Structure formats: C-alpha cells, structure tokens
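Here is the structure we will look at, set down as structure tokens.
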Amino acid sequence: MNKIFGSIVSITLLALFASFMTTNASAATPPSYFNDCGIPEYKPDAITQYCADAGNGVIRIKWSSWTSTRAVGTGSYYLKLCDPNCADGKLAWAKVKVVLSGPKFTHGKRYLMNVTVSSINGKTLPEEPRTNIIGWVTDYWMG
C-alpha cells in the first residue's frame with residue numbers, strides 16, 4: 001500500500017512540475033500578433049494593406065515559421081486595378097513571400113509591425129513597374 005501511495009504522490013508531483021514548467025515557458029515568450037485593420041490576428045490567413053477599401057493585400061497565407069520577432073509565409077498578393085474605375089476594376093494577382101517583423105509592444109500585446117511582400121518568381125508586382133518587393137508598417141492604434 002505504501003508503494004502505491006508513494007507512486008501516486010510521485011506522479012502527482014511530476015504532473016504539477018511539468019504543468020508549472022509549461023506555463024512558465026509560454027509566459028516567458030508571449031506570442032506575437034498582427035494588426036489586421038484593428039483586429040489582433042495570430043497567424044492570419046489574410047492581411048490587408050489599406051483597411052478603408054481593402055484594395056490590396058495577401059490572401060491564402062501559409063506560414064512556414066512564426067516566432068515572437070518574425071513570421072514568414074507565402075500567399076497570393078492581390079491589387080484592385082481601378083480601370084475604368086475602382087468599382088468596376090479587376091484584381092491583379094501574384095504569388096508572394098510575406099515577412100512580418102519589427103515587434104513592438106502596445107495595448108498589452110506584442111505586434112509584428114513591418115510587412116514585406118516580394119514576388120516568388122522575381123517578376124515585378126502588379127502596378128509596381130520597377131520592383132518585385134513592397135512593404136508597409138501597420139498602425140499603432142490596434143486593439
């Protein structure tokens with residue numbers, strides 16, 4: 001009986017210790033989020049550059065890595081072409097690599113603030129006649 005009781009106590013203590021270590025490890029490095037139009041997103045499948053009209057961004061993102069300081073993924077960049085006008089314009093597309101970086105703490109969370117989008121095949125991005133890479137910084141007003 002003493003052996004069984006000792007085993008139960010040992011297993012319970014090990015479980016408590018493992019739980020404590022897991023909790024401390026996750027608390028030591030809080031996750032990073034991305035501000036997508038004021039909504040904190042963790043590994044979003046889409047990001048928008050201009051929230052007012054959602055005229056361009058990246059969708060169908062597959063993240064290959066996501067840390068507290070940097071995220072890397074691939075997806076489909078879209079840009080609304082305003083020809084003949086924005087309401088009737090079509091979308092232009094490109095396969096891209098997305099990198100989020102520049103962690104900042106604000107509103108109680110860590111956000112990856114810098115976005116870099118580059119074409120996978122090296123061709124210029126739609127409506128970007130001289131470059132295959134664009135970037136933007138998200139706002140600090142996020143929730």
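One residue stands out among those in the range 37-57 that are touching a residue at least 24 places away in the same chain (Cβ under 8 Å) and assigned to a strand (DSSP E or B): the one that is nearest to residue 125 (Cα to Cα), which is 56. Among residues of the range 58-82 that are farther than 19 Å from residue 128 by Cα, those with a Cβ under 6 angstrom from a residue that is outside any strand (DSSP E or B) and among the β-branched types (Val, Ile, Thr), sequence gap 6+ or separate chain, pair up as 68/29.
Residue check: is residue 56 touching a Leu at 6+ places or on another chain (Cβ under 8 Å) and either surrounded by fewer than 13 Cβ atoms within 10 Å (Cβ to Cβ) or under 18 Å from residue 118 (Cα atoms) (or both)? It is true that residue 56 is touching a Leu at 6+ places or on another chain (Cβ under 8 Å) and either surrounded by fewer than 13 Cβ atoms within 10 Å (Cβ to Cβ) or under 18 Å from residue 118 (Cα atoms) (or both). Taking residues in the range 98-120 that are closer than 17 Å to residue 56 by Cα and touching a residue at least 12 places away in the same chain (Cβ under 8 Å), and partners anywhere that are surrounded by fewer than 18 Cβ atoms within 10 Å (Cβ to Cβ) and of a type in the set (Phe, Trp, Tyr), the pairs with Cβ atoms closer than 6 Å and at least 6 places apart or on different chains are 115/136. Return only the number of the condition from (1) loosely packed, with under 15 Cβ neighbours inside 10 Å; (2) at pLDDT below 85 that residue 142 does not satisfy. Result: residue 142 passes all but (1).
The values are calculated or read from the model by the stated rules, or taken from the named source; none is laboratory data. None of these values were measured; they are calculated from a predicted model. Backbone-built Cβ (ideal geometry, glycine too); neighbour counts: all protein chains shown.
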